[in-house]
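The values are calculated or read from the model by the stated rules, or taken from the named source; none is laboratory data. Note that this is a predicted model, so its numbers are computed, not measured. As a convention, Cβ positions derive from the backbone with ideal geometry for all residues, glycine included, and neighbour counts pool all protein chains shown. For accessibility, only protein heavy atoms count, side chains too; no ligands or nucleic acids. Shrake-Rupley method; radii C 1.70, N 1.55, O 1.52, S 1.80 Å.
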Amino acid sequence: MCRRGRTVTDQQAPAPHLKKSVAASAMGNATEWFDYGVYAATATYLTDAFFPGELGTLGTMLGFAISFVLRPVGGMVWGPLGDRVGRKVVLATTILLMAAATGLIGVLPTHGQVGVLAPILLILLRVVQGFSTGGEYGGAATYLAECAGDKKRGFFGSFLEFGTLGGFVGGSAVVLLCQLILGSDAMHDWGWRIPFLIAVPLGGIGWYLRTKLNESPVFTEVNEHEHPEGGLRVLLSNYRRELLVLFGLVVALNVANYTLLTYQPTYLQKTIGLGESTTTAMMLIGQVAMMACVPFFGRLSDRVGRRPLWLFSLIGLAVLSVPMYALMGVGTGWAVLGFVVLGLLYVPQLSTISATFPAIFPTHVRYAGFALSYNLSTAAFGGTAPLVNEAVIEGTGWNLFPAIYMTGAALVGLVAWFFLRETAGTSLRGTEVPDAATDSEPPTTEKQSVA
């Protein structure tokens, strides 16, 4: 006997389809984060091109943060749409919008050519990126979680985050290669455009892969047999606890993410005085080390659960953020060590996003719940982290503020962790909230449902 609206069969996509699902999801995510990696690595060039003046860096960080204002709006549009018409159609659309907006940044006129119109156009394209990203990440994670088997959801889901870091590494690597080949003068003049233009073919490949996918089997089952009522009204009325838990976890996740992976190049160059190429190379070292660990922690979460890994990561960041940032100020080698330590402490969160967050919600509101709560939290605390860090350091000279900000965010995450249900090995099928504590029945080979 199953719980109402739930089934206990481990409905995994067939092996060939699962591989395509992993590749298409990761490729789209890599395209999204390629843009963020390029934007972070070219921040000093963008400042010269679009925001010349005394407060130029703040303008560039504002350009980064503004894209997040539209992410919750995108989540409100794409999330319910994905729960209604399916994950596949929405994901194919969002990747096209993201790639087009990123590519257009590479052909924008500069402030020296058209004046104030240049930063306005940059901000508008960042808004388009934010709106499309509002449906991209939650949809990709939801789709992949629903295609992977219940016993390997952590492992297969971790490849979405592998794509995240792959996008960052790819963006940073392209910028570094351009710096080494073209030199500083050419990069400031026109070379910064090349990495943004590369996003166009990347997005085209991702779009092609996604159009060849089948729909999620979990979504298909619920859509064909149960026809539950979904949408924002149902989500906000019945799943407030789940929305708040995800919101709190994302505060911790994305303050660390956007501080370590986006603001860090600016911090190292302006605060510590590292050169452009040295900073980019250092970021690459840390990101590659994190990438190597992502599948390991994803698989580990299938064995020990999501909650233990999140607890380890949150406590580690709360305790070691300040000491590691203090270490970064000692010298280049110490800066690399401090960044790698914090990055490895962060990876247990990053590796398990796709297994943890979609499982917080039932199928009929999963896409909408993930997209809405994730993007609201990211807009308020994640995407604004570079801007907040820069503003405080500029205003006070307090170079350890990013560490304090990450520590506070980790403490917020610990409060949310207390209310997080363990879902490792739990079925995501049906219309009830997944919870390992109540899924005590052994898997069957026959679909069951009790009205």
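At a glance:
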quantity	calculated
Residue under evaluation T94, criteria (1) closer than 30 Å to V222 by Cβ; (2) in contact with a Leu (Cβ under 9 Å, 6 or more places away or on another chain); (3) among the β-branched types (V, I, T), criterion not met	(2)
Exclusive hit being surrounded by fewer than 22 Cβ atoms within 10 Å (Cβ to Cβ) and either aliphatic (A, V, I, L, M) or closer than 26 Å to M76 by Cα (or both), set G273, G191, G183, G204	G204
Test result for T93, among the polar types (S, T, N, Q) and either open to solvent by 50 Å² or more (accessible area, probe 1.4 Å) or in contact with a strand residue (DSSP E or B) (Cβ under 6 Å, 6 or more places away or on another chain) (or both)	yes
Extreme residue, most open to solvent (accessible area, probe 1.4 Å), among residues of the stretch 283-302 that are of a type in the set (G, A, S) and in contact (Cβ under 8 Å) with a residue 12 or more places away in the chain	A289
Selection within the stretch 327-340 - under 20 Å from the mean Cα position of the chain (by Cα) and either without any contact (Cβ under 8 Å) to a residue 40 or more places away in the chain or surrounded by 24 or more Cβ atoms within 10 Å (Cβ to Cβ) (or both)	F339
Test result for N257, part of a helix (DSSP H, G or I) and either modelled with pLDDT of 90 or more or surrounded by 20 or more Cβ atoms within 10 Å (Cβ to Cβ) (or both)	yes
Among (1) modelled with pLDDT of 85 or more; (2) within 23 Å of L344 (Cα to Cα); (3) open to solvent by less than 10 Å² (accessible area, probe 1.4 Å) - the single one L165 does not satisfy	(1)
Positions within the stretch 97-126 being surrounded by fewer than 18 Cβ atoms within 10 Å (Cβ to Cβ) and assigned to a helix (DSSP H, G or I), in sequence order	A100, G112, Q113, V114, L117, I120, L121, I123, L124
Residue tally, condition over 21 Å from the mean Cα position of the chain (by Cα), over 30 Å from D83 (Cα atoms) and part of a helix (DSSP H, G or I), over the stretch 391-428	8
Search result, residues across the stretch 303-326 that are open to solvent by less than 40 Å² (accessible area, probe 1.4 Å) and in a helix (DSSP H, G or I)	R306, L309, W310, S313, L314, G316, L317, A318, S321, M324, Y325
